[in-house]
1. Please enumerate the residues belonging to the range 197-228 that are within 26 Å of the chain's Cα centre (by Cα), charged (D, E, K, R) and under 16 Å from G187 (Cα atoms).
2. Suppose we filter L75, L38 for residues that are buried (at least 17 other Cβ atoms within 10 Å of the Cβ) and either over 26 Å from T139 (Cβ atoms) or assigned by TED's automatic domain parsing to the domain that holds L105 (or both); which single one remains?
3. Mind checking whether some residue in the range 69-92 is among the aliphatic types (A, V, I, L, M), under 12 Å from A30 (Cβ atoms) and part of a helix (DSSP H, G or I)?
4. Wholly within the range 93-192, which helices (runs of 4 or more DSSP H) include no fewer than the required count, namely at least 1 residues that are under 30 Å from T210 (Cβ atoms), hydrophobic (A, V, I, L, M, F, W, C) and modelled with pLDDT of 85 or more?
5. Hey, can you tell me all the residues within the range 104-132 that are of a type in the set (A, V, I, L, M, F, W, C), surrounded by fewer than 19 Cβ atoms within 10 Å (Cβ to Cβ) and in contact (Cβ under 8 Å) with a residue 40 or more places away in the chain?
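The values are calculated or read from the model by the stated rules, or taken from the named source; none is laboratory data. Small disclaimer: the values here were computed from a predicted structure and weren't measured. We place every Cβ from the backbone using ideal geometry, glycine too, and count neighbours over all the protein chains shown.
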Amino acid sequence: MNLLGEMPRLTRLVAPSIGWLLSSEIRASAGFASSRKLLLYCIHQSLLNRRRARFMVTTEAEAMEGLRSSRPGLLIVTPNLEQGDGLALAERARAVVPDIRTIMLCDQDSDDLIVAGRSGVDAVICEQECLTADQQLRTLIITLSLGRRYRSPAVMARLDGEDQGWRNATPPLSTREQQLIDLWVEGLGDREVADRLGLSYGTVRTYGKTVRQKLGVGTRAQVVLKALSLGLSQVTGF
C-alpha cells in the first residue's frame, strides 16, 4: 500500500469516528506506553489535539505514575516496554483509573496477539490493520464508544475456538435498510435519519425494527457493531 497516496482518504475515513468517541462516556484524553519511541513520536505527530495526550512513556513504572497523576480516559500500549510488561500495565490500569479503556497494539506475527486477545484489555488490534481500507481503526473507535470490547479480525483469526458463523452470515437488505444502517453508523438518531431521507419518524422506526430482526440484535448500537463486523456499512468517509 502506498500510504502517501492513501493518507487523505484514510484520514477522511477515520476522522468522523472521533465524533463517536467525543459523544461517549469515555474521556477524550490518552496515555501511551511503548518501547518503540518512533511509534510514540508518529502518534504524537498525528494527534489533532496534542493536549489530549497526557503522557508518552517507555516503561511500566512511568505509565503507572502517569495514570495516577493525569487519569486519562484511554491507555494505548504495546506488549513490549523498555521496563515492565505492556499487558500487565493494561490490566493494572483499571485499579488506578476505574473507568479507563485500554487498547493494545500488537504485531500480527507475535504470540502476544493470542495472549492479549484472551486478556481483559478492552481492545486489541494489529498495527498492520490500523490504516487499512477495511475500516478496522474506525470500527475499534466506534465499538469502544458504544461500551463494547473489540478484537480485530487478525486477532480473532488467531484465537482458538472462535465461532465465525455470526460474522459470516450476511442477511439481504433493502436499499432503505442499507441507508438506515449507514446513517446509524454515522451517528445519526432516528429523527435525523427521517430528515435526511425525507421519511416520517414512524417509518424510520419501522425500518429500524426490521433491520434489528434481520441482524438478530436488539438495539441500534448492536446493529452498528454487527454491520461493521459483517462489512455491511457502505460509509467510507464524510
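1. The answer is R220, K226.
2. Working: L38 fails: buried (at least 17 other Cβ atoms within 10 Å of the Cβ).
Just one listed residue meets the conditions, L75.
3. Taking the range 69-92 first, the residues among the aliphatic types (A, V, I, L, M) are 74-77, 81, 87-90.
This time we only want the ones that are under 12 Å from A30 (Cβ atoms), so: 74-77.
Narrowing the set further to residues that are part of a helix (DSSP H, G or I) leaves none.
No: the range 69-92 contains no residue that is among the aliphatic types (A, V, I, L, M), under 12 Å from A30 (Cβ atoms) and part of a helix (DSSP H, G or I).
4. On the way: elements: 112-117, 136-145, 153-158, 165-168, 175-186.
Those helices (runs of 4 or more DSSP H) span 136-145, 153-158, 175-186.
5. Residues of the range 104-132 of a type in the set (A, V, I, L, M, F, W, C): 104-106, 113-116, 121, 123-126, 130-131.
Those left that are additionally surrounded by fewer than 19 Cβ atoms within 10 Å (Cβ to Cβ): 114-115, 130-131.
Those that are of a type in the set (A, V, I, L, M, F, W, C), surrounded by fewer than 19 Cβ atoms within 10 Å (Cβ to Cβ) and in contact (Cβ under 8 Å) with a residue 40 or more places away in the chain: I114, L131.
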